[in-house]
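Data first, discussion second: the structure below is written as structure tokens.
Values in this text are rule-based calculations from the coordinates and carry no lab data. Just so it is clear, the structure is predicted and the values come from calculations on it, not from any experiment. When we count neighbours, we look across all protein chains shown, and the Cβ atoms used for this are built from the backbone with ideal geometry, even at glycine.
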Amino acid sequence: MKHRVILDTDPGVDDAMAIALCVVHPDVELLALTTVFGNVSVEQSTRNAQYLLDVFGAVDVTVAAGLAQPIVQPPRPHSESVHGADGLGNCYDKTRNLNPTAAYATVHPLSAPEYIVEQAKKFPGEITLIAVGPLSNVAKALQLEPALPELLQSLIIMGGALDEPGNVSPVAEANFLNDPHAADQILAIEWPATVIGLDVTHKILLTDTHLASLRDKAGQLGQLLWDSSRFYVDFYVKKGAAMQEQEPACAMHDAAAVLYMLMPKSFELVTGRSRVVDSGIALGQLTCDLKGYDYPLPHWESATDTTSIAMKVDANPVRQEFLNRLYAHHDT
Ligand code: BDR
Ligand code: CA
């Protein structure tokens, strides 16, 4: 049976990779992109979602726009230095010759959180919600419908770093830092949730050779991933990240969350009560109780649920699945 998916996203260069995989994969029925602030403003992330669906030939996929800022803390600056001012590596100009039809899907009248709740009720137990931006829309949806966890098939979250250092502070990953209160609310309660964080996403890298192969073998979609990744790969090179590769490379964070849904056996998980730090110097840090102790502290007494967190991945087959599905799409 196909996975019925809503992708909650802030496109984003690696979000574009995740969207492309959802669009082409035969085992995925992509219902919607629900958009959120994060890498760019929500207006720009919504525009990017529409643009990507157009370039990828999937304008029938719903786009619903969500929160413009975190649920509690003031907004932080967007990630221009990582994803470019437009969120897609400043590639709008470069890809103009891709000739998107501009038949952009109109934005859904419901907000992203309302849409998530509506669809979860329409297809109880069937929807996999994959959240690859700040968790603000998901927290708001939970506020609208407290039974949301039971209505979903599963929730897969790209965010956090447990053993791995953070990417926006020594301990924080960007999606969790951008709305730590939302992330904490979601992890502290009972969900069928899995966290795909930097512990695994920093292991699944795309080199320029991989990206060039997409450009050459995956049609317009591959061309866009090549164009949009130029700025992003430069960021990784300048930062000295992705150094285990011999050539320029980048992480495919958000696509890894989709790949977990498709290839769960390739990932090793730990489970424990989990929280996200919502103030102080460790703001945005993912913490997990791997011992199961009885801590006499309110934050841990109120955390009842265990969350699964991916710590290891068999990276080669996972990356190859991503590449093969995108090449195959062009052959059909
Ligand atoms: C996450 O942060 C965003 O910049 C990326 O799109 C990804 O979702 C990685 O930390
Ligand atoms: Ca993202």
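The amide H of LEU67, built 1.01 Å from its N in the peptide plane, has PHE37, ASN137 as neighbours under 5 Å, considering only residues 5 or more places off or on other chains. Counted over the chain, the DSSP beta bridges are approximately 35% antiparallel.
Angle of helix 315-331 to the longest C-alpha principal axis of the chain, folded into 0 to 90 degrees and rounded to 10: 40°. Sorting the segments 195-202, 291-298 by their mean number of nearby beta carbons within 10 angstrom, highest to lowest, gives 195-202, 291-298. Net charge in the neighbourhood of VAL117 (other residues with Cβ under 10 Å of its Cβ; Lys, Arg +1, Asp, Glu -1) is 0. Diagonalising the gyration tensor over the Cα atoms of the range 237-305 and scaling each eigenvalue by 5 before taking the square root yields semi-axes of 32, 19, 10 Å, largest first.
Each residue of the range 283-299 was assigned a 3J(HN,Hα) from its phi angle through the Karplus curve 6.51 cos²θ - 1.76 cosθ + 1.60 (θ = phi - 60°); the sequence is 3, x, 6, 7, 10, 9, 8, 8, 9, x, 6, 9, 8, x, 9, x, 4 Hz, with glycine and proline shown as x.
Label positions at SER169 and GLU268, each projected 7 Å from the Cα along the C-beta direction, are separated by 3.0 nm. With N as its number of residues, the range 3-331 has a Cα radius of gyration that, divided by 2.2 N^0.38 Å, comes to 0.92. Both numbers refer to the Cα atoms of the range 189-295; Rg and Dmax are 17.3, 55 Å. With the chain treated as a Gaussian network of Cα nodes joined by springs under 10 Å, which of SER111, SER229, SER302 yields the largest mean-square fluctuation? Answer for the Gaussian network model of the chain: SER302.
What fraction, in whole percent, of alpha-carbon pairs in the range 113-161 exceed 13 Å separation?
Values: 613 of 1176 pairs.
Of all Cα-Cα distances in the range 113-161, 52 percent exceed 13 Å.
Mean silhouette area of the range 67-217, derived from the convex hull of its C-alpha atoms and averaged over all directions, reads 11.4 nm². Seen against the Cα atoms of the chain and their longest principal axis, helix 208-217 is set at about 50 degrees.
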